[in-house]
Each structure stands twice: as C-alpha cells, then as structure tokens.
Amino acid sequence: MVIDLNGNKVYWNEIEDIKFLKSSVTNMRSTVIYPHYTNQEKIRIRRNKSMPTPAHSIDWFLIEKPKEYHKNLMKTWKEKQGVLLD
C-alpha cells in the first residue's frame, strides 16, 4: 500500500498512475498519485470526504530525501504493476 503524508491509505491496486510534477510558476516539485477513476468513490468513503480526490500530491519540500523517495516509489510501482497484471 502507499500512504500519503496525511496518513490516508491508497492501495497499489487502486492506483492508475504515479507522476513527477514540477510547477513552472513556483518551481515546486511533487510526486502525484492518481487513483483509477473506478476507485475514487471507494477512497472518498474511506477518507470520509464529501468529494472524491482525483489525485494525491506529495510535495517534495515535506520529504527529507525526495528524489530517493520518488525513485523508490516508481521502482516499487513498476514491480507492483507486473504483479497486478499477471
């Protein structure tokens, strides 16, 4: 499972994509986890939110070693994709 920095759980099988984003305006970097649209309602209920969240952003300034974090997350994501597809 993946846990975002607010302590909210998003499971590997609920994720559609993970991307690195860099804002051209603020130069801020983040790792963004996109759940598959079919799982957004399930995540909304689990988080007790009134509206679904189409993406979960993890801002790099909150992480001690953000490049290493993103690299390891992407490596694990690719490994999990192979397992989930088999």
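The values are calculated or read from the model by the stated rules, or taken from the named source; none is laboratory data. Note that this is a predicted model, so its numbers are computed, not measured. Note that each Cβ is placed from the backbone with ideal geometry, even for glycine, and that neighbours are counted across all protein chains shown. Surface areas here come from the heavy atoms of the whole protein model, side chains and all, with no ligands, DNA or RNA. Shrake-Rupley method; radii C 1.70, N 1.55, O 1.52, S 1.80 Å.
What the table below lists for this structure:
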item	result
Apportionment of accessible area to carbon and sulfur, the chain, percent (1.4 Å)	53
Low-density loop positions, GluC sites (Glu not before Pro), the stretch 32-86 - DSSP coil, at most 16 other Cβ in 10 Å	GLU64
Table column - 3J(HN,Hα) (Hz), the stretch 73-82, Karplus curve with 6.51, -1.76, 1.60, x for Gly and Pro	5, 5, 4, 5, 4, 5, 5, 5, 4, x
Size descriptor, Kirkwood hydrodynamic radius, that averages inverse alpha-carbon separations across the chain, Å	13.6
Helix-derived mean residue ellipticity, 222 nm - over the chain, DSSP H n ≥ 4, -39500 (n - 2.57), to 500	-10500 deg cm²/dmol
Proximal lysines to LYS42, defined as alpha-carbon separation beneath 21 angstrom and excluding residues fewer than eight positions away on the same chain	LYS9, LYS80
Residue of HIS56, HIS70, HIS36 that the Gaussian network model of the chain assigns the largest fluctuation, springs spanning Cα pairs under 10 Å	HIS36
